[in-house]
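The values are calculated or read from the model by the stated rules, or taken from the named source; none is laboratory data. Quick caveat: nothing in here was measured; it's all calculated off a predicted structure. Neighbour counts are summed over all protein chains in view; Cβ atoms, including those assigned to glycine, are modelled from backbone coordinates with ideal geometry. The accessibility values were calculated without ligands, DNA or RNA, using every heavy atom of the protein model including side chains. Shrake-Rupley method; radii C 1.70, N 1.55, O 1.52, S 1.80 Å.
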Amino acid sequence: MKKLGIMVALGIALTAHGAGGPSQSMGTWPEQKKVGAVGLAEPQAENLMPHPVDAEAARQAARVLHRTAVSGPACLVMRDDGAYVLADGWRMAFASNVTAQAATVSTSGFDAANWYPASVPGTVLGALVANGVYPDPCYGLNNLFIPESLSRQDYWYRLEFPAPSELQVLGATLVFNGVNYRAEYWLNGQHLGASTGAFIRTSFEVGGLLRANGLNVLAVRVSPPPHPGIAHEQSLKAGPGPNGGTLCKDGPTFFACEGWDWIPGIRDRNTGLWQDVLLRSHGGIELGDPQVVTRLPQLPDTSRADVTVSVEVHNSSAAAMHGTLRGEFEGVKVEQEVSLAAGATQLVSFAPAEFPALTVQQPRLWWPNGYGAPELYHLTLTFLDANGRLWEPKRTRFGIREVSYELSLLDGQGSIRRVEFLPTRAGAIAVVDHRHAATVKTAQGFMPSFMPGGEQSPAIKTPDDERTAPFLTLKVNGKRVVCKGGNWGMDDALKRVSRDRLEPYIRLHRDAHCTMIRNWCGQSMEEDLFDLCDEYGLMVWNEFWISTQDYNYEPDDPVLFLDNARDCIRRFRNHPSIVLWCARNEGMPPPAINVGLDELIRVHDGTRYYQPSSRLISLLNSGPWKHTDPADYFTKIGRGFSTEVGLPAIPTEDTLRAMMPAPDLWPISDTWAYHDCHQSGGGDFHPFMNDLAKRFGPATDLGDFVRKAQMLQYENHRAAFEGLNACLWQPGTGRLLWMTQPAWPSTVWQIFSSDYDTAGAYYGVKRACEPIHVQMNLPDFKLVAVNNTFTKIAGRSER
């Protein structure tokens with residue numbers, strides 16, 4: 001969608017829904033929204049700050065600076081699609097220390113020898129820690145020794161690099177895959193432009209600026225988000241803090257790093273070039289983001305798949321171009337002639353009706369973990385010009401699979417109708433009405449409505465079994481799949497998100513028999529994460545950048561928000577692991593964003609359901625987040641689909657000793673509280689500690705406490721998913737822990753620790769989620785067998 005389309009959508013939303021709706025709907029949206037988490041107005045009082053048990057030991061820990069940054073020449077690494085990654089040789093400086101004009105900074109005569117070596121991808125704080133300027137913020141109370149001023153100043157990044165010779169001839173595009181938050185770009189003394197938002201790609205035509213001989217100089221001035229807020233510092237007295245603040249106003253950024261009850265305030269607010277920087281050759285013809293849509297038209301029969309491939313072809317040259325666009329994947333080959341006027345862009349599509357090879361017989365299907373292999377295909381698109389020259393390829397992976405959704409919707413007469421919705425049958429046509437006034441509270445909970453005429457859409461079917469009503473039920477390739485797994489609040493506090501670092505976490509999810517990861521508030525939005533989930537069969541509940549309604553601030557700039565969202569949808573839409581787009585954590589997004597996202601997803605994806613909220617609408621409410629009686633998971637909690645159920649998860653003794661200085665380890669201290677051991681709020685540890693003492697006796701030392709904690713959390717994490725098993729499809733369809741993934745060394749809400757160690761929580765989840773499982777239901781002590789596979793299993797019980 002062009003920006004004009006976004007503005008039209010905004011106008012409709014604000015006009016139609018700004019002044020209310022039916023009292024039983026979510027139509028009311030007052031001009032001044034109530035906000036409960038405004039953040040701190042000033043830093044905490046000294047008596048509420050966390051204090052170490054041994055102040056000298058804490059100071060010594062903060063003095064242990066490990067210099068790991070390496071300064072070397074620029075290294076351009078060629079990828080398999082011909083693009084160059086500008087990987088090494090970057091340097092970084094505080095903008096306040098640079099007095100030269102921007103044009104001068106981006107020329108070869110400028111002296112940056114005293115700048116810090118910096119890793120790209122990476123953040124400012126990551127570079128400063130690697131250079132030994134500040135200590136590791138993840139250890140003990142070290143984060144308190146790092147100034148908040150890092151989030152209130154600009155930075156320069158600079159790189160000198162030789163341009164590959166072919167880029168002088170073919171033309172080149174410079175691509176920034178992710179910069180937080182605002183950036184201005186210069187190359188060889190010339191201003192290229194600017195970008196805003198952490199998740200939007202920014203590209204510039206630079207062929208005419210690159211030098212064939214000598215070095216080229218790229219300079220980027222990066223600014224943090226404009227509303228960094230004041231970080232709350234968790235302590236035994238201060239408690240877990242307000243869960244966010246003013247940073248939420250900035251929308252598409254890592255707003256959790258202002259501080260939440262599972263992550264401290266990250267001092268630079270994750271400012272920096274946090275994703276790759278690329279150079280691509282194009283020769284005048286540029287291919288956009290491919291889209292691959294797979295349909296299984298004979299469901300439940302999966303012996304045939306229809307594959308449609310589309311891509312925008314842009315002629316950036318000054319002359320008309322004629323050539324052949326070719327596509328190929330796993331032996332399937334298609335091509336068609338393309339003619340483009342100078343400066344023109346054309347959407348070129350290959351559909352099975354015109355290209356029979358795209359009807360794939362006996363396809364290898366992508367299945368979620370535990371239901372089959374997550375098979376992947378590899379598409380290559382190339383352009384062959386009239387002179388026989390083959391331009392650089394565009395490559396993407398995809399899975400042949402179709403996702404559908406069983407929903408309860410209100411029809412035109414106000415009656416509830418249970419349906420199966422197949423988005424690929426609707427494409428860009430709106431079938432479900434997600435507007436505030438059309439989302440109505442019924443006796444069964446909040447549910448959306450049909451759009452006028454939606455009930456007759458070919459995308460609507462009547463399900464064979466309605467036992468899961470009214471809750472959202474996911475089907476992959478025509479079969480119901482249970483959503484079990486957990487939330488990622490953020491992949492890593494310092495955005496150290498390389499594939500090598502992320503892969504063990506994804507593998508642990510797979511081995512624990514999880515099927516889903518929820519990308520909470522879009523705080524983990526990178527290609528490597530989705531690639532790994534594709535490969536390991538982990539479905540992704542993928543969200544955007546807004547948190548709790550009537551608690552956190554709304555984004556200030558809806559157009560900026562939707563620009564970033566549009567780019568993410570186009571960029572990640574071919575990942576089979578993404579099974580749903582969700583607008584907001586706990587609440588409806590503002591009308592402008594709600595209507596805009598709905599349209600963007602239909603226009604630029606058309607294969608997935610748009611879910612406005614992470615709770616209540618076709619879902620259960622969130623919580624609880626603290627220790628409870630294991631029987632509650634069978635009776636009181638989550639008989640339906642819950643996206644957040646949390647409970648304590650103490651790591652192993654080895655991990656705890658690696659997290660903090662010895663004097664702080666026992667008894668529980670401010671350092672524990674700083675690492676999320678809450679003494680109040682939703683994650684209050686008191687019920688856990690009281691039950692531990694009651695059942696096993698009060699802990700006498702660290703080892704005794706950790707040993708007893710493992711038993712308690714094994715039991716409860718196992719019960720959390722056995723409770724789902726007990727009501728599976730009647731009406732249980734999903735349960736996601738808050739959380740499975742820790743963003744930093746933590747004492748709560750995780751099934752493994754940030755150093756990949758596994759404790760009782762992990763093994764409780766792994767046992768309860770195994771595909772074939774025998775369990776004892778609570779509180780009636782009934783012994784049952786659970787089969788989470790698609791295959792019937794015969795057996796007998798023995799005593």
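Tabulated results
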{"read-out": "Net charge over other residues, Cβ less than 14 angstrom from the Cβ of Cys568 (K, R count +1; D, E count -1)", "value": "-1"}
{"read-out": "Accessible-area ranking of Leu529, Leu560, largest first, probe 1.4 Å", "value": "Leu560, Leu529"}
{"read-out": "Mean Cβ neighbour count within 10 Å, used as a protection proxy, ranking 636-644, 574-582 highest first", "value": "574-582, 636-644"}
{"read-out": "Computed E for Val774/Ala693 - FRET, C-beta separation, R0 25 angstrom, nearest 0.05", "value": "0.20"}
{"read-out": "Whichever lysines have a C-alpha closer than 18 Å to that of Lys394, once near sequence neighbours (fewer than 8 apart) are set aside", "value": "Lys333"}
{"read-out": "Ratio Rg/Rh [Cα only; Rh per Kirkwood] for the range 640-799", "value": "1.02"}
{"read-out": "The range 495-651 - percent relative contact order, Cα under 8 Å, separation 6 or more", "value": "18"}
{"read-out": "Net charge of neighbours whose Cβ lies under 10 Å from the Cβ of Arg767, counting Lys and Arg as +1 and Asp and Glu as -1", "value": "0"}
{"read-out": "Relative packing of peptides 399-407, 232-240, 37-45 - highest average C-beta neighbours within 10 Å first", "value": "399-407, 232-240, 37-45"}
{"read-out": "Computed helical MRE - 222 nm, the chain, DSSP H runs ≥ 4 contributing -39500 (n - 2.57), nearest 500", "value": "-5500 deg cm²/dmol"}
{"read-out": "30 Å Cα-Cα reach of Lys766 towards lysines, excluding residues that sit fewer than 8 places from it in its own chain", "value": "Lys475, Lys479, Lys484, Lys495, Lys626, Lys636, Lys694, Lys708, Lys782, Lys792"}
{"read-out": "Residue-wise HN-Hα coupling along the range 391-397, computed from phi with Karplus coefficients 6.51, -1.76, 1.60 (Hz; x: Gly, Pro)", "value": "7, 4, x, 10, 10, 8, 9"}
{"read-out": "Most to least packed among 103-115, 289-301 [average Cβ atoms within 10 Å]", "value": "289-301, 103-115"}
{"read-out": "For the range 740-754, 3J(HN,Hα) per residue [Karplus equation, 6.51 cos²θ - 1.76 cosθ + 1.60, θ = phi - 60°, Hz, x = Gly/Pro]", "value": "9, 10, x, 6, 7, x, 10, 10, 8, 6, 6, 10, 8, 8, 5"}
{"read-out": "Residue-normalised accessible area of the range 172-274, expressed per residue, 1.4 Å probe, Å²", "value": "24"}
{"read-out": "Under 5 Å, built H, 5+ apart or other chain: amide partners of Ile400", "value": "Trp366, Tyr377"}
{"read-out": "Cut-off 11 Å between beta-carbons: net charge of the residues surrounding Leu728, Lys and Arg +1, Asp and Glu -1", "value": "+4"}
{"read-out": "Anchor Lys33: lysines whose Cα lies under 25 Å away (excluding residues fewer than 8 positions away in-chain)", "value": "Lys249, Lys441"}
{"read-out": "Coordinate range along principal axes, alpha carbons of the chain, Å, largest first", "value": "79, 69, 55"}
{"read-out": "Distance from the range 584-638 to the range 483-529 (C-alpha centre basis), Å", "value": "19"}
{"read-out": "The chain, accessible surface, carbon-and-sulfur percent (1.4 angstrom probe)", "value": "51"}
{"read-out": "Efficiency of FRET from Cβ geometry, Asp550 and Thr359, R₀ 51 Å, rounded to 0.05", "value": "0.55"}
{"read-out": "Average projected area [Cα convex hull, the range 264-317], square nanometres", "value": "8.5"}
